[in-house]
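Asks: Take a look at the following structure, please.
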Amino acid sequence: MRLSSTLGSHWAVAYRNYSDDYVAAEDEARTIGAGIWSSQFVMPWDWRRGVRVVQQDDASAHADGCDIKGNINRDGEMIYHVPGGRWYERTRVDESAGERWFCTDAEALAAGWRRSVQ
């Protein structure tokens, strides 16, 4: 039996301090870059100690002038935020989740995103 058939979507890690049962499954997921291994994350035992993934600073991430933030909300709506908008400063772009940056309103609209109403 293939390990991945027992893993579901590769959304678990082996807690090696207590068991080796899932080490091979975790190693497989990491090798193929599946599930949590497809992006950055913090191991659960580190998260409980306060370790967090450091987000790249927006200013350094997009010094190219493309500063319109394409954000996907919890309902799956693709909304873009322009500088000076109410939620612009609080909005973070997670490109690994399908969010993205735009250079113009027209570009964002053409990609299927809608402008924030605030």
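Asks: Taking only C-alpha pairs under 8 Å that are 6+ residues apart, what is the relative contact order of region 58-115 in percent? List each step's numbers first, then the result.
Replies: Values: 81 pairs, mean separation 22.4, N = 58.
In percent, rounded to a whole number, it is 39.
Asks: Contour minus end-to-end for residue 114 and residue 72, with contour as 0.36 nm per residue of separation and end-to-end as the Cα-Cα distance? Walk me through the numbers before you get to the answer.
Replies: Numbers: separation 42, 0.36 × 42 = 15.12 nm, distance 1.04 nm.
Fully extending the segment from residue 114 to residue 72 adds 14.1 nm.
Asks: Using a 10 Å cut-off around each Cβ, can you sort 38, 96 from fewest to most neighbouring Cβ atoms?
Replies: Taking fewest neighbouring Cβ atoms as first place, the list is 96, 38.
Asks: Further question: How much length is gained on full extension from residue 86 to residue 51, taking 0.36 nm per residue of separation minus their Cα-Cα distance? Spell out each step's value before the answer.
Replies: Working: separation 35, 0.36 × 35 = 12.60 nm, distance 2.95 nm.
9.6 nm is the gain from fully extending residue 86 to residue 51.
No lab work stands behind these numbers, since they all come straight from the coordinates. Every value quoted in this text rests on a predicted model; they were computed, and no experiment measured them. We place every Cβ from the backbone using ideal geometry, glycine too, and count neighbours over all the protein chains shown.
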